[in-house]
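The values are calculated or read from the model by the stated rules, or taken from the named source; none is laboratory data. Everything numeric here is computed off the predicted structure, so don't read it as measured data. Because the Cβ atoms are built from the backbone with ideal geometry, glycine has one as well, and the counts that use them run over all protein chains shown.
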Amino acid sequence: MEEDKKNNGEINVKKYIYIIKTQIIKSMTYEFSVYGNIFLQTIIMITSAYFWKALYKGQESVGAVDAESMLTYIIISSMMSVLLITNVEKRIEMSVGKGTVATDMMKPVNLFGVYFAEDLGSVFALVFQNMLPILIIGIIFIKVPAMADVSALPLFVIAVLESFMINWLIAALFGMIAFAAVSIDALIQVKKHLIRLLSGSIIPIWFFPSGVAKVLSSLPFVYIYQLPLSIYIGKGERAEQIAGMKIQFLWLVALTAVFIFAQKRVTKKVMVQGG
C-alpha cells in the first residue's frame, strides 16, 4: 500500500515536471510576445529612472534612500516583474468558457497544479528571454544594480520566492471569479495594474502619506515587490527586514489556506453542476 502511494507520488511529480518542460518550449516560440514585453518593461524602467533622477535633483536622499539606491530599485523591480507574470487567471477563464473545466478536473492531476506548473515553466523561459535583456539594458542606460549588502542575498532570494507564491495565489483566487462571471479580461488588467501600484513596484509606499502607507502595509501587496526590493537596496535594519519576512510568510500561509478552501468549494460546485 505504502509502495503504491510512493509510486503514484513519483508519477504525479514526473507529470508536473513534464508540464513545466512543455511550457518552457512553448514560451520559447512566442517571439513577438517576448520582444513586446522587453520593449514595454524597458520603456517603464527608463522612464521611471528619469523620473527619479529629476525627483532627486539637488537632494542626497528622500525617505532615507539615496538616488543610486532608487535607480537600483527600479532596475530590479523591472526584472522581478518578469518573474511575477501569471497566466492562471486566463487559463481558468478559458477552461470555464469552453466548458471543459469539469473534464479537466477529472484528469489524474490537480488542475490548479497544472496551471502552477505552466506558470513556473513560463517563468523559467522568461528568465533568459526577458530578464537578462532587461538587466543588460538597465546596466547600459542606467547603472549596474549592485546589491547593497551581499550577505542579505539569502534573505532576498527567499523573499522573492515567497513573493512569487503570494502573487500566484492572489492570481489563482482572482481567476476563480470566472466560475461566476462571463468574462474577467478587463478585471485581470485592472488587477495587474493595481498590484503594481499598491505593491511599491513603481512608487515605494514610503513616499505615500503616512496614513495611506500604513493601510497599504497591512495588505499583502507590499510583500510582493517592496519587501524583496527593500532588502536588495539595504533599506532598513536587518531586524526590520526579517520582521517583514515573517509577515510575508504569514500572508503566504493565510492565502494558501484560503486557496485550498476556495479550490475545494469550486471543485465541488463544478463536479455537482458539471461545469
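Taking region 119-137 as the range and being closer than 17 Å to PHE39 by Cα and either of a type in the set (Val, Ile, Thr) or at pLDDT 90 or above (or both) as the test, the residues that pass are VAL127, MET131, LEU132, PRO133, ILE134, LEU135, ILE136, ILE137.
The number of residues in region 86-105 that are surrounded by fewer than 16 Cβ atoms within 10 Å (Cβ to Cβ) and either hydroxyl-bearing (Ser, Thr, Tyr) or in contact (Cβ under 8 Å) with a residue 40 or more places away in the chain (or both) comes to 4.
Every condition in (1) within 28 Å of ILE85 (Cα to Cα); (2) modelled with pLDDT under 85; (3) of a type outside the set (D, E, K, R) holds for GLN41 except the one numbered (2).
Contact annotation: residue pairs with Cβ atoms under 6 Å, 6 or more positions apart or on different chains, pairing a residue in region 14-28 that is over 11 Å from GLU118 (Cβ atoms) with a partner that is part of a helix (DSSP H, G or I) and at pLDDT 75 or above, are MET28/ALA125.
Helices (runs of 4 or more DSSP H) wholly in region 151-249 with at least 3 residues that are closer than 26 Å to MET45 by Cβ and of a type in the set (Val, Ile, Thr) - which ones? Talk me through it step by step, then tell me what you get.
Values: elements: 153-175, 185-198, 210-217, 226-233.
Fully inside region 151-249 and qualifying: 153-175, 185-198.
Applying a threshold of 6 Å to beta carbon distances and a minimum spacing of six or more residues, or different chains, the list of pairs starting in region 185-206 at a residue that is free of Cβ contacts under 8 Å to residues at least 12 places away in the same chain and hydroxyl-bearing (Ser, Thr, Tyr) and ending at one that is part of a helix (DSSP H, G or I) and crowded, with 20+ Cβ neighbours inside 10 Å is empty. Within region 131-151, the set of residues being within 30 Å of VAL253 (Cα to Cα) and either buried (at least 18 other Cβ atoms within 10 Å of the Cβ) or aromatic (Phe, Trp, Tyr) (or both) comprises just one member, MET131.
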